[in-house]
Amino acid sequence: MMQVRNSPLTDESAHRREEDTRDCTSRSFPQAWCLHRVLNLGDTTLAHRGDMPLGDLVLVFLMNSADDQCSVTTCPPLNHVLEYEGSNYFRQRLILSTLSGKSVRIKNIRSMEDDPGLKEFEVNLIRLLDKITNGTLIQVSETGTTLYYQPGLLFGGTLEHECCKLRGIEGGGEVRFKCPLRRTLKPVHLIDSGKINRVRGTVYAVRVSPAIANRVVDSAKGILLQFLPDIYIYTDHNKGAKSGKSPGFGVCLVAQTTNGVYYTAEAVSNPSGSTEAPSVPEEIGKLAAFRLLEEIYRGGCVDSTYQSLATVLMALAPKDVSKYLMGPLSPYTIHCLRHIKDFFGLTFKLETHKKTEDEEELNFGGPKVLTSCIGVGYINYSKKT
């Protein structure tokens with residue numbers, strides 16, 4: 001909106017200042033900012049707020065009526081909106097938007113599919129983010145293909161949320177999450193993963209025969225005992241009302257190193273009613289064991305599933321150097337690094353880890369990446385100490 005106050009200029013002074021304005025606007029500026037502009041022409045003030053790119057507008061002129069000197073200044077936007085397209089990395093973008101406080105607009109969400117727009121599980125995530133924040137603004141187009149998300153302020157406390165059952169939660173159940181409160185994080189230096197010294201696991205089975213869980217245990221241990229003797233896999237079999245509504249079974253394996261690093265892997269049977277063939281317990285046990293061995297071979301101080309979480313925590317750490325040794329970066333982690341740069345303006349340094357003589361002799365897994373950054377100094381102002 002334009003606002004003009006006080007009297008007009010004379011023809012001669014207006015012509016002279018028009019030439020000064022052309023001289024000032026002829027300079028080239030980056031196109032990245034949208035800005036707030038104020039134009040002072042002697043006794044005349046012209047103010048305008050908008051989202052026009054920097055190079056396409058009359059910038060900011062401060063004209064002194066006494067000596068007609070002109071200077072150019074710029075201001076960053078009050079609320080810069082990041083724009084993305086498609087439904088990929090939807091959760092990642094909304095979480096980083098909430099943490100950084102930057103608004104995001106996502107367009108063309110499944111716009112070319114037969115069932116366009118947001119899915120129920122994505123809407124459920126938006127509802128959860130709205131519950132844990134105060135002042136969040138959410139706008140969805142009629143077709144559901146465009147989302148505007150302006151995050152509010154995070155607040156603590158206890159809440160209940162009903163999750164969508166279209167993804168990992170099929171047969172109901174309850175998840176209890178408890179997180180300690182911290183004012184700030186600490187920088188991390190994890191560059192030595194250590195050696196694997198034990199493996200633990202749990203086989204869970206609901207509404208199936210108890211013998212199935214034992215068959216999964218025997219299959220997984222048959223693979224892992226070829227490499228390590230300290231292996232214990234427990235069984236958790238539920239029946240009746242406590243077993244939920246969906247029959248099935250699965251196994252979760254965790255390998256621990258001498259330096260306290262954990263690698264995880266999991267395998268689950270095909271859900272009942274799916275088009276895929278019923279799962280065989282021995283195949284599920286072998287699949288989980290091979291996935292765990294793959295994570296161990298990739299190495300680093302975090303497995304591939306949690307690489308992205310580690311990079312986010314490094315970015316939120318105090319303004320000090322954090323270093324983390326990782327295995328080959330997963331595609332999800334690579335996009336997370338790109339999004340961290342968009343939302344926080346933080347770039348990671350990635351270096352190929354050079355193996356030591358002992359690592360070369362022992363054939364210490366695949367290639368490693370040493371990630372390092374200086375955190376943004378994220379602070380939880382809700383916690384006083």
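The values are calculated or read from the model by the stated rules, or taken from the named source; none is laboratory data. Owing to the predicted nature of the structure, the values given are computational and were not obtained by experimental measurement. Here Cβ is always computed from backbone atoms with ideal geometry, including for glycine, and neighbour counts include all displayed protein chains. Surface accessibility is based on the protein's heavy atoms, side chains included, excluding ligands, DNA and RNA. Shrake-Rupley method; radii C 1.70, N 1.55, O 1.52, S 1.80 Å.
Taking label positions 7 Å along the Cα-Cβ direction at both residue 184 and residue 238, the computed distance is 4.2 nm, reported to one decimal. Here the peptides 80-88, 177-185 are ranked by packing, the mean other Cβ count within 10 Å, and the order with the highest first is 80-88, 177-185.
In this structure, residue 294 and residue 245 have a Cβ-Cβ separation that, at R0 = 35 Å, corresponds to a calculated FRET efficiency of about 0.60. Charged side chains reduced to their Cβ positions (Lys and Arg at +1, Asp and Glu at -1) give segment 82-154 a dipole of some 360 debye around its Cα centre. When you filter the trypsin sites (Lys or Arg not before Pro) in segment 78-174 for DSSP loop state and at most 13 other Cβ atoms inside 10 Å of their Cβ, you are left with 167. Pairs spanning more than 24 Å between alpha-carbon atoms, out of 107/341; 195/355; 165/341; 341/383: 165/341; 341/383.
Once the 1.4 Å probe is applied to the protein heavy atoms, segment 250-385 comes out at 53 Å² accessible per residue.
Maximal additional length on extending the residue 355-residue 306 stretch stands at 15.4 nm, based on 0.36 nm per residue less the C-alpha distance.
Hey, with R₀ at 45 Å, roughly what FRET efficiency would residue 347 and residue 174 work out to, going by the Cβ-Cβ distance, to 0.05?
Using R0 = 45 Å, I get an efficiency of 0.65.
Loop-located GluC sites (Glu not before Pro) in segment 90-123 (DSSP state not H, G, I, E or B) with no more than 16 neighbouring Cβ atoms inside 10 Å: 113.
By how many nm would the segment from residue 319 to residue 121 lengthen if fully extended, with 0.36 nm per residue of separation less the alpha-carbon distance? Could you put the intermediate results ahead of the total?
Details: separation 198, 0.36 × 198 = 71.28 nm, distance 3.58 nm.
Here the segment from residue 319 to residue 121 would lengthen by 67.7 nm.
If you take every DSSP beta bridge whose two residues both sit in segment 195-298, what share of them, in percent to the nearest 5, is antiparallel? Roughly 70 percent of the DSSP beta bridges within segment 195-298 come out antiparallel. Take residue 158, project a point 7 Å from its Cα along the Cβ direction, then tell me which residues of segment 178-194 have their backbone nitrogen under 16 Å from it. From segment 178-194, the list is 178-181. Simple rule: put +1 on each Lys or Arg Cβ and -1 on each Asp or Glu Cβ in segment 82-154, find the dipole, and look at 132, 88, 143; the Cα lying farthest toward the positive end is 132.
Give me the percent of the accessible area of segment 82-154 that comes from carbon and sulfur atoms, probe 1.4 Å, all protein chains in place.
Here carbon and sulfur together make up 47 percent of the probe-accessible area.
With a simple spin-label model that places each label point 7 Å from the Cα along the Cα-to-Cβ direction, the separation between residue 218 and residue 256 comes to 2.8 nm. For segment 307-385, the set of trypsin sites (Lys or Arg not before Pro) satisfying both a DSSP loop assignment and a count of at most 11 other C-beta atoms within 10 Å is given as 319, 354, 383, 384. Model label sites at residue 103 and residue 143, defined 7 Å from Cα along the beta-carbon direction, differ in position by 2.2 nm.
Of all beta bridges that DSSP places with both ends in segment 82-154, some 70 percent have antiparallel geometry.
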